[in-house]
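Have a look at the structure below, then the notes.
The values are calculated or read from the model by the stated rules, or taken from the named source; none is laboratory data. From a predicted model like this one, the values you see are computed outputs, not experimental measurements. Here the Cβ positions follow ideal geometry from the backbone for every residue, glycine too, while neighbour counts run over all protein chains shown. Heavy atoms of the whole protein, side chains included, go into the accessibility calculation; ligands, DNA and RNA do not. Shrake-Rupley method; radii C 1.70, N 1.55, O 1.52, S 1.80 Å.
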Amino acid sequence: MSELYQVKVPDLGDFKDIEVVEVLVKVGDEVKKDQSIIVIESEKATMDVPSPESGVVEKLYVQVGSKVQKGFPILSLRLSEGRAAPPSPVAAEAPSAPVAVSPSAPLPKAPPPAGISVSRRVRLAVLGGGPGGYEAAIRTGQLGIETLLVERSGPGTGIGGVCLHSGCIPSKALIDTAHHLHHVRELEERGVSVLGEIRVDLKKLQQWKRGIIDKLRSYIEQAVQGAGAKIQKGEGRLLSPNHLEITDGGKKEVVEFENLIVATGSRAIELPGLSFDGKTVLDARAALDLEEVPRWLVVVGGGYIGLELGIAFKKLGAKVTVVELQNQLLPGGDEALARPLARRLQQLGVEVHLGAKVEKFVSGMAHVSKAGSTFEIPASHLLVAVGRRPNTEKIGLDAAGVQVDPKGFIPASEKKQTNVSHIYAIGDVTHGPALAHKASAEGVVAAEVIGGLPAAFDNKAIPAVVFTDPELSYVGMNDAEAKNAGFSPKSITVPNRGLGRAMAAGESEGFARLTYDENSGALLGAALAGGPATDMIGGLGALVEMGANIEDLSLTIFPHPTFSEQAMIAAQRVAHKKK
């Protein structure tokens, strides 16, 4: 009788949490000894992991995006008849890495836990009313599926989630206001002088911001209810695979559901010794609620959230210092995009310390260590923005049998199903970038799968945007990623300094870069810096998604003078050279 053998990640030295960027086999494939089965990527290298044995793939434990380290299981092989399994059989160790999801067959509806009475029954409950949750509820409502959308109430919460109440929307209100204020101050060289002092009333700005949030929340609620879904305020916690307890104040009720979508989002990571107090040690939500501009702001973390808010507060009048543990701004991102941003920070007078760590914050001083030495930075406020973690701990996933990986993420299939087939997971609780538009797209996929439509989340490209100065955006693959994917990549970069619209707007810092396959001409990715980069990237993303090539873009007539024509110019430089 043939035996199962578990293939594990080999010794990778001191590296941990290395990302799986490609899975080269699937269940049922016959694998030969030394055949590559996955591709993993660290900060320094990309490597293939070969199979140590021959056999047929019985089960996969990883998927693209999984984080692995030495000893984590990759797959199970059924060895050839009569072939003895080497040491480390499957039974010796249960998978601890994020697993590729093979949803179970539909389970019979679980009875309510003993002593629990069910107040109502619905076909679908959506736990979380952020961009993923409310888009899912709108779509299922349109499909005629009885839907209950559950969202907690309280500071920084409500329909719209973090994005609306304490993230995307309020941050852009602050950033846009700061940009206009600073732009006025930069107009003197064009002959525009401002007589008198320009004042910033942050309290009035907060009132205006809250008005925007209220209007958008009302619009979303109308859209959800107009589609036929119902909204329930309260905290949700699973009691079984089919029962959700909803608590609102002192009132509790239990809802029985046929399907569930988990869309509970994420929260800011808190660092040891720098606990959030909402007054001087702030997360992004608290920073966005300030009614006075900080005198000295130290931003802990040089990622997009910290840099967006740090630049905004600098333009509003704060003295700003950025402390980043890695040796690059926007760590893990494209170095080409980080370079114009670094130059602009210097022009704005933002002090940056890379390869540094804030150890503690005491009596208005941030204590920083760097390269074996320590120093202090004056700080009235600390903004800690070092990443986010999924909200999966207190919602009863274990009671429903839903698998969660060691970092709290829920593995989900391309149909957004968890290992429990009628429970779905979308947005920040799943692997991949924590982006509102990704969550929304996943919400629609989950809704349509529940509605019986042929849907799957198989997008080629998810655009990313950074609302710094200059604005940055990218979509698809860069050269290194394209090479790892088996393409023969080339790229063309055109600087904005030769673009008429950019010069006239005083925003000549930046560039447009296109990545394409040298053999087929297929457009594989794009990166933009400067101008309205965040608005323009969607169009290029559409071209990547539809499989357009560099000549298609070169033959498209863009309006002049605009920032958008830079993409056409870049494409023409490639296409015309070929002709």
- line: Output row, site Glu335, 7 Å Cα→C-beta label point, backbone N cut-off 20 Å, window the range 505-520, residues 510-516
Cα gyration tensor shape of the range 342-446, rounded if a/c is under 1.5, else prolate or oblate by comparing a/b with b/c: prolate
message: Set the bar at 24 Å for Cα to Cα. Now go through Lys8/Lys67; Lys203/Lys319; Lys67/Lys415; Lys32/Lys70; Lys230/Lys252; Lys357/Lys483 and name every pair that lies beyond it.
response: Lys357/Lys483
- prompt: When DSSP beta bridges are limited to those with both residues in the chain, what percentage is antiparallel, rounded to the nearest 5?
  reply: 70
message: Restricted to Cα positions, what overall size does the range 406-562 have along the principal axes? Three whole-Å values, descending.
response: 55, 35, 31
- line: extent check for the range 302-347: Cα max minus min per principal axis, descending, whole Å, gives 29, 19, 14
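Determine the per residue accessible area of the range 368-486 with all protein chains present and a 1.4 angstrom probe, expressed in square angstrom.
Numbers: 4820 Å² over 119 residues.
Accessible area per residue, the range 368-486: 40 Å².
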query: Among residues other than Ala505 whose Cβ falls under 13 Å from its Cβ, what is the net charge (Lys/Arg +1, Asp/Glu -1)?
result: -2
Rounded accessible area of Glu235 (nearest 10 Å², 1.4 Å probe): 100
query: When the chain is fully extended, how far beyond the present Cα-Cα distance does Arg123 get from Val184, taking 0.36 nm per residue of separation?
result: 16.5 nm
- request: Order the following by accessible area, largest value first: Cys168, Cys163. Probe radius 1.4 Å; ligands, DNA and RNA are ignored.
  value: Cys168, Cys163
statement: Nearest-0.05 FRET efficiency for Ala456 and Leu354 at R0 = 41 Å, using Cβ-Cβ distance, is 0.50
task: Would you kindly calculate the translational diffusion coefficient of the range 185-247, applying Stokes-Einstein with the Kirkwood radius from alpha carbon pairs, for 4 °C and a viscosity of 1.567 mPa s, and quote it in µm² s⁻¹ without decimals?
output: 77
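Quote the relative contact order of the chain in percent (integer), defining contacts as alpha-carbon pairs under 8 Å separated by 6+ residues.
On the way: 1284 pairs, mean separation 69.7, N = 579.
The value is 12 percent.
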Solvent exposure, largest accessible area first (probe 1.4 Å, DNA, RNA and ligands not counted), of Lys67, Lys394: Lys394, Lys67
- prompt: If we count every other residue with Cβ under 12 angstrom of Asp34's Cβ, Lys/Arg +1 and Asp/Glu -1, where does the sum land?
  reply: 0
query: Name the residues of the range 29-58 whose amide N is less than 17 Å from a point 7 angstrom out from the Cα of Glu414 along the C-beta direction?
result: 29
- request: For the range 516-579 and the range 428-455, write down the distance between their C-alpha centroids in whole Å.
  value: 28
- line: Computed on Cα atoms, Rg of the chain relative to 2.2 N^0.38 Å comes out at 1.04
query: Between Gln225 and Ser369, what is the label-to-label distance in nm when each label sits 7 Å out along the Cα-to-Cβ direction?
result: 5.5
- prompt: What order do you get for 511-520, 426-435, 405-414 when each peptide is scored by the mean count of other beta carbon atoms within 10 Å, highest first?
  reply: 426-435, 511-520, 405-414
message: Counting only helical runs of four or more DSSP H residues, what would the 222 nm mean residue ellipticity of the chain come to if each run contributes -39,500 (n - 2.57) and the total is spread over all its residues?
response: -8500 deg cm²/dmol
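Between Leu4 and Arg295, what is 0.36 nm times their sequence separation minus the Cα-Cα distance? Round to one decimal in nm.
My answer for the length gained is 98.4 nm.
Could you tell me what a quarter of the Cα convex hull surface of the range 129-286 works out to, in nm² with one decimal place?
One quarter of the hull surface, i.e. the mean projection, equals 13.9 nm².
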- line: Row for the range 290-388, column shape: gyration tensor on C-alpha, a ≥ b ≥ c, rounded if a/c < 1.5 i.e. under 1.5, prolate if a/b over b/c, else oblate; value oblate
message: Can you give me the solvent accessible area of Glu393 with a 1.4 Å probe, rounded to the nearest 10 Å²?
response: 110
